[in-house]
Amino acid sequence: MGHPLHNGSSPTNGISHDSEPGPSNGHASSSVGPGSLPAHLLSSIQHVQPPGDLMYEDDRNWQDQHDTIMTDDGKENTEDELEEAQDGLSHHEARSISRKTIQRPGVGGVKRMPVEREEAVRLILQGLRDIGYHQSADILELESGYNLSTTQANDFQSAILGGRWSEALGLLPELGIPITPSQEAEPEAGSSSSSIASGKIPKIKGTNSISDQMKFLISQQKYLEYLEIGQQKKALGVLRGELNKVAKDQEVLHTLSGFMMCLDKDDLYERAMWDGAQGTSRRQLLEHLQAFISPQIMMPSRRLATLFDQARRHQQLSCLYHEEPESTSLYTDHKCESGAFPSVTTHVLADHSDEVWRIEWSPDGMFLASSGKDKTVVIWQLKITSKESGGSQYGIVPFQHLKEHTDSVDAMAWSPDGKTLATGADKNIYVWDVKTGELQPKSSSGSQHTDTISAIQWLPDGSEFVVASMDCKVAFYSPTGNLLRQWSTKDRQLNDFVITPDGKRIIAITTLLKRVSHNDKLRQSMSSRPSEESEIIESTTAIGPNGGPLVPFHYATMEHSLMMIRIADHNIIDSSQDLRCETTSIRLSSDGRRVIVSCTPDEIQVWSIDPGFRYIRKHSGHVQGRYLIRSAFGAPKDRFVLSGSEDGHVYVWQGTAPNPIEVLSGHDKVVNAVAWNPVAARRIFASCSDDHTIRIWQPPFNLAEGMNIEDDGVIGRDEDGDGMKVEDDEEEDDDEEEEEGMVL
């Protein structure tokens, strides 16, 4: 039936009737209540009046200015000046500046924002009473001269929690709520006493004033409580005589009238999403009503606890390395140590003989697949060992080598159960049994694709996998590799795509081709990775019929967009063409609500996709201009964004930070892709590079427990294939020809 019970944005709960006293609804149970101290003791408490009206008088001359940042030379800079100083610097220099100590309020003489003493004392009073320290609260009220609430506010709270609705309504003027006379709703001709129950409700005359909103909430609770005890006639009277006068939404009244048909109390609880008079509904009603009352008269419930929660959340969001939502102490400012971040290379995997373009973890995070220019896919197995100091350390060893590809491999995807790996090499699809390393036999010869395969993804239920290719086609295959159906996307290439967790939508980065004819013919669609032959052809000058150079074939404009396609009918249900860059890869967050799009030049964009596309922010600092680089989310709740870079580093961003918090060195050529292990508890990710290696990154750990290099350290195969070796990062000649990379 839904939840349109309230006449505003606050949900309501509760049950009771006028003559029935209410339960405590959340009050701390204690044998000691307010006013329990003997009179002679209370009379001995002396009122104390400190000077001024602030909690700390030395904060009186505080000014609203930017936090100062102390640099190594002892100078102070504001945050704005810091940002200006970082512009134009290298990322290492900017990162060094950004890590200078920021002086916090109350430390080293820095002023705090002033706090009114009355507010502080009343918050403490409320906290004491919430905990149950009523005697301490009584003494504090006498000593400070401040009261938590007025007498009228206390009476109003008692009336709401006790279900005395008429008394509560009568107290509204004393709480500073002006009463607006409600106009009578004139019934339509022919209406009867059962007109509302039948869905025929007169036109609403509510003014939507504060008093009307409060009256609606109170009358709604009263109406539901009458229904709960089987008093349908009285409930109908409240609906017609009270709710109909103050409601602003007729649909809400229709929904409320429908509750008259509930079979019993349990049916009412379920349909109204309400827990009854003996539940928490009256306490929640009181909290909703307090939003309309001045806090000087009646402080919002549990305000001190709310402020504590906000402080914790703010500190966690401000913490660069925060990953887990563990509770933090209020005694000190929260700060995660950077040592918990996987910033150290623990393994260098060197089984590939050429550039490594792609890495993908299996769904359970126990296997890593790598592929690239050498036409081989290597499956690596993760080995977990326990450290003496607690926690886990991960080793990794080769598990399978899949060598039957006829071309370089730059598309692959694991099945949801992790038993099958689908790979794409040029125009061909391969389906592998991971455990045995065997290639599934093809049902038909030849390829269904006439251009390079750009991306592969499995449906979440594992029933099919989807393949996009640069010939503007999308094909659906069975788990054994049989073609089931395919779409034509006309003149739009899907460069990369993901599938939402519900399996209903494809989120793709696309290129709209506007090809220009040459000699009355259209040249074949451009592939994502030009072959060596095409590079040579493009670098030569063609000779025309008259002996002069021909104007080379080219694309007019190539529009890059983000597109949402419904799989059921392959209709485009949303698109965004304001990316303003050339897109190269896309990655989906673990909750399926955001994507990151890698773009050239030098940008990663974050987009919300639920319910439609909405640009959130961008990250920058890395280098991407010529090559296809794949970025990734990382850590629980996808707190980090990671990316490779053409300068050979791995860049890490956190949360809303536009600039990287980590720049990790290790590779000596283009870093093509990064992939964070999908198991949230594991702090481990991988990167791959044109330097022929994959690096495994983990948090720093006790060197006394160090790795055995021969067993699970730097792993590779020697040239004879019969042993292990450690790759030398400086082994290649400095004069080696320019790296080929993955040209866009």
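The values are calculated or read from the model by the stated rules, or taken from the named source; none is laboratory data. The structure displayed is predicted, hence computed values, not measured ones. Cβ sites come from the backbone with ideal geometry, for glycine too, and all protein chains shown count toward neighbours. Quick note on the areas: whole protein, heavy atoms, side chains included, nothing else; ligands and nucleic acids left out. Shrake-Rupley method; radii C 1.70, N 1.55, O 1.52, S 1.80 Å.
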Practice prompt. Looking only at region 521-532, decide whether some residue is surrounded by 19 or more Cβ atoms within 10 Å (Cβ to Cβ), out of contact with any helix residue (DSSP H, G or I) (no Cβ under 6 Å at 6 or more places or on another chain) and modelled with pLDDT of 50 or more.
Written response: no
Item to complete: From (1) touching a Gly at 6+ places or on another chain (Cβ under 7 Å); (2) surrounded by fewer than 19 Cβ atoms within 10 Å (Cβ to Cβ), pick out the condition that doesn't hold for Ser408.
Response: (2)
Practice prompt. Report yes if Ile616 is open to solvent by less than 50 Å² (accessible area, probe 1.4 Å) and part of a strand (DSSP E or B), otherwise no.
Written response: no
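Test of understanding: among Leu744, Leu664, which residue is surrounded by 12 or more Cβ atoms within 10 Å (Cβ to Cβ) and modelled with pLDDT of 95 or more? Walk me through how you get there before you give the answer.
Working: Leu744 fails: modelled with pLDDT of 95 or more.
Exactly one residue qualifies, and that residue is Leu664.
Please work out which residue is modelled with the highest pLDDT, limiting yourself to region 442-467 and to residues that are charged (D, E, K, R) and open to solvent by 50 Å² or more (accessible area, probe 1.4 Å).
Looking at the filtered set, the residue picked out is Asp461.
Could you please let me know if Gly644 is over 22 Å from the mean Cα position of the chain (by Cα) and more than 17 Å from Ala340 (Cβ to Cβ)? Lay out the reasoning, then the answer.
Working: over 22 Å from the mean Cα position of the chain (by Cα): no; more than 17 Å from Ala340 (Cβ to Cβ): yes.
The answer is no for Gly644.
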Practice prompt. Output the qualifying pairs, or none if there are none: Cβ atoms under 9 angstrom, residues six or more apart or on different chains, first residue in region 479-490 and without any contact (Cβ under 8 Å) to a residue 12 or more places away in the chain, second residue of a type in the set (A, V, I, L, M, F, W, C) and crowded, with 16+ Cβ neighbours inside 10 Å.
Written response: Arg485/Ala475; Arg485/Phe476
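Considering region 120-135 alone, what residues qualify as being of a type in the set (Gly, Ala, Ser) and either open to solvent by less than 10 Å² (accessible area, probe 1.4 Å) or in contact with a helix residue (DSSP H, G or I) (Cβ under 7 Å, 6 or more places away or on another chain) (or both)?
Hit for region 120-135 is Gly127, nothing else.
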Discussion item. Just to verify a result, which residue in region 159-215, among those that are part of a loop (DSSP other than H, G, I, E, B), among the aliphatic types (A, V, I, L, M) and at pLDDT 50 or above, is nearest to Ser149 (Cα to Cα)?
Written reply: Leu171
Item to complete: State all residues of region 246-276 that are open to solvent by less than 10 Å² (accessible area, probe 1.4 Å), over 25 Å from Asn208 (Cα atoms) and of a type in the set (Ser, Thr, Tyr); if no residue qualifies, say none.
Response: none
Worksheet item: Given the residues Ala235, Ala291, which is the only one that is in contact (Cβ under 8 Å) with a residue 40 or more places away in the chain and of a type in the set (Gly, Ala, Ser)?
Response: Ala291
Worksheet entry | Candidate set: region 340-385, residues that are open to solvent by 20 Å² or more (accessible area, probe 1.4 Å), of a type in the set (D, E, K, R) and assigned to a loop (DSSP other than H, G, I, E, B); chosen: the one nearest to Ile396 (Cα to Cα) | Asp351
Practice prompt. Among the residues of region 216-245, count how many are open to solvent by 10 Å² or more (accessible area, probe 1.4 Å) and part of a helix (DSSP H, G or I).
Written response: 14
Discussion item. If I filter region 573-590 down to residues being modelled with pLDDT of 90 or more and either open to solvent by 60 Å² or more (accessible area, probe 1.4 Å) or not hydroxyl-bearing (Ser, Thr, Tyr) (or both), which single residue comes out as farthest from Pro601 (Cα to Cα)?
Written reply: Ile573
